[in-house]
Amino acid sequence: FANSTVPFTNTGTIKGVGGVNLNFATVTNSGIVSPGSSPGILNASEALISGQPVNVNIEVVNGSGAGTGHDQLNLNIGGVGVTNLSNASLTVLDGGAAPVQAYTILQTAGTFSGTFASLSLPLIYTITYNASSVVVTKTVSTLPAIWGDFSAISKNGAVTLNWSTLQEDNTSVFVVEYSTNGREFVPVATIPAKG
């Protein structure tokens, strides 16, 4: 798809493989960009997501590489400018069969600035922002503890946490952390594991 001068607005889903060339167009994108067709690679102009309140959906299936094992969005059509991620959201889906490894999900011919405004990653994933790539890493395939019950009760400005585990494997402590923004956490308590 190529659109060089006509204003481009997306409120739906851009999904598939191939290219989306939006050079010199005025872009408004509040929809979804979902590279691939389970999975695949989509090449696009940086204007497709830069500064836009768009949700980027990435599927991770296996470890066979970009385009076959996981989706990838390449912002390599046209200029080599700065792609601002700070208004965009990222959702990563893992069907459970993907191995523990790193997955390059976004690349640019220029550079990235900012971080995603919101993230929806599986619990066992981390994200790394590099100058010209964004990488998610699956860190472990299973958790060392199998959770039972968990409750949080707020009373008089304090929160009481109660939990149980059904099984613990190589678990020594539980570190309770607190966050006001969901990205930066501060440890507030360390509780010994029962074993």
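Observations, loosely collected:
- Filtered residues of region 92-108 (kept if in contact (Cβ under 8 Å) with a residue 40 or more places away in the chain and surrounded by 14 or more Cβ atoms within 10 Å (Cβ to Cβ)): V92, D94, A98, Y103, I105, L106, T108
- Every condition in (1) under 30 Å from E59 (Cβ atoms); (2) charged (D, E, K, R); (3) open to solvent by 70 Å² or more (accessible area, probe 1.4 Å) is met by K194 except one, and the failing one is (1).
- Here T111, T115, T160, T137 are screened, and the one residue that is of a type in the set (S, T, N, Q), closer than 25 Å to N62 by Cβ and either in contact with a Cys (Cβ under 8 Å, 6 or more places away or on another chain) or modelled with pLDDT of 90 or more (or both) is T137.
- Given (1) open to solvent by 70 Å² or more (accessible area, probe 1.4 Å); (2) more than 29 Å from G81 (Cβ to Cβ), number of the condition Y129 does not satisfy: (2)
- On the stretch given as region 151-195, residues that are part of a strand (DSSP E or B), touching a residue at least 12 places away in the same chain (Cβ under 8 Å) and farther than 27 Å from F116 by Cβ total 15.
- For S89, the test of being surrounded by 15 or more Cβ atoms within 10 Å (Cβ to Cβ) and either in contact with a strand residue (DSSP E or B) (Cβ under 8 Å, 6 or more places away or on another chain) or not charged (D, E, K, R) (or both) is passed.
The values are calculated or read from the model by the stated rules, or taken from the named source; none is laboratory data. Predicted, not measured: the structure shown is a model, and the values here were computed from it. Don't worry about glycine lacking a Cβ; one is built from the backbone with ideal geometry, like all the others, and counts go over all protein chains shown. Heads up: the accessible areas ignore ligands, DNA and RNA and are worked out on the full protein's heavy atoms, side chains in. Shrake-Rupley method; radii C 1.70, N 1.55, O 1.52, S 1.80 Å.
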